[in-house]
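The block underneath contains the structure these notes are about, expressed in structure tokens.
All of the numbers you see were taken from the coordinates with simple rules; none came from a lab. Bear in mind that the values here come from a model prediction, so they are computed numbers and not experimental data. FYI the Cβ positions are ideal-geometry reconstructions off the backbone, even for glycines, and counts take in every protein chain you see.
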């Protein structure tokens, strides 16, 4: 739905389903209900999540045409795609497997090319000026430890940019690939992300490679890199990394890196980790998703790849640690289960965006609904989604 000069939606990865038939059934069930609650008289945007299997099925002309009819009949439009999880994302162990295949692998490139092809066909002619596809931040950090790993990541990103250039040349809309920094990943902090763009993307060698792949002149190839490759700023991830809101958006702006999408998300914040807090946190240590922990202790940040690992550590027992935890919680909750959320960081970024828009795409993404403690799942999911969207719209307006 339109909010100011931008578009606000929620990511449909909250609904379980990996095949297109499963996804399509959930879209038909939930999207009209959410729209009636938050945008009854105006078109409502969709943040589409497609597994690789579902994307291939949707690529069939008859299937795509049926989905386009559904969107048209229900007053819906797709403007952004979550291309982060390639495979199963619900009901089974996901953990660090969510990053695979990563950007070292041709399978990730082929999948993301397909998502861009689909989005180019789904974007409405009178809708947003561009489409966005969010993706893994290169790789899980241990899998991008060598210069060779980084070179593989860069090469595939450049080949994807070339694909997006070809799409736009064919009369399609501009599609932006949005790398999503995340704790314990190759691109973890905003500072690391800016460095990566400066040292590997906006370089003479990368411009030359895009020119070679597309036939563009060097100046045009340089513009294509900035036009088709940007960042998805996930506010939970940034808050978990103890980022400063103004510095965060300022660094990206100074580096001329497009914020293609902001994911409006909140995580858990534990100002002082105690034995009782640790016991309560065990309820959030599920077997499905990776819940990275960043600990601030005497001004130093320490990282744990998962909540279980952090709970097994010893340092927090003296009560001198603050934890931020990558566990998406509803953005309308300032506190839960005796803990704080990182809602204040969300408010700060949205206030900056309200004063001057940083992106046209905003997406609420609380995908952890099924693993939240039971007391926070006592309302229908469509009501919770609508409440998150209403809270976000109020913060923006």
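Give the separation of the Cα centroids, region 299-324 to region 201-268, in Å.
With region 299-324 and region 201-268 each reduced to a Cα centre, they are spaced 30 Å.
May I ask what percent, to the nearest 5, of DSSP beta bridges between residues of the chain are antiparallel?
40
Order these by the 10 Å Cβ neighbour count, fewest first: 206, 134.
Sorted ascending by nearby Cβ count, the order is 206, 134.
I need to check one value: relative contact order of region 66-220, counting alpha carbon pairs closer than 8 Å and at least 6 residues apart, in percent.
This gives 24 percent for region 66-220.
In percent, what relative contact order does the chain have, based on Cα pairs under 8 Å that are 6 or more apart in sequence?
Relative CO of the chain lands at 18 percent.
How much length is gained if the chain between residue 275 and residue 320 is pulled fully straight, taking 0.36 nm per residue apart and subtracting their Cα-Cα distance, in nm to one decimal?
Stretched fully, the residue 275-residue 320 segment lengthens by 15.0 nm.
Relative to the present Cα-Cα distance, how much length would full extension add between residue 383 and residue 313 at 0.36 nm per residue of separation?
Once the chain is fully extended between residue 383 and residue 313, it gains 21.4 nm.
Identify which of 229, 281, 177 has the largest mean-square fluctuation in a Gaussian network model of the chain, with springs joining Cα atoms closer than 10 Å.
Fluctuation is largest for 281.
Per DSSP H run of n ≥ 4, the term is -39500 (n - 2.57); total these for the chain, divide by its residue number, and report the mean residue ellipticity at 222 nm rounded to 500 deg cm²/dmol.
Estimated from H runs of four or more residues: -13000 deg cm²/dmol.
Could you tell me how far the Cα centroid of region 350-397 sits from the Cα centroid of region 125-192, in Å?
Each part's Cα centre sits 24 Å from the other's.
Measuring from label point to label point, each 7 Å out along Cα→Cβ, what is the residue 1 to residue 69 span in nm?
Each label point lies 7 Å from its Cα, and together they span 2.8 nm.
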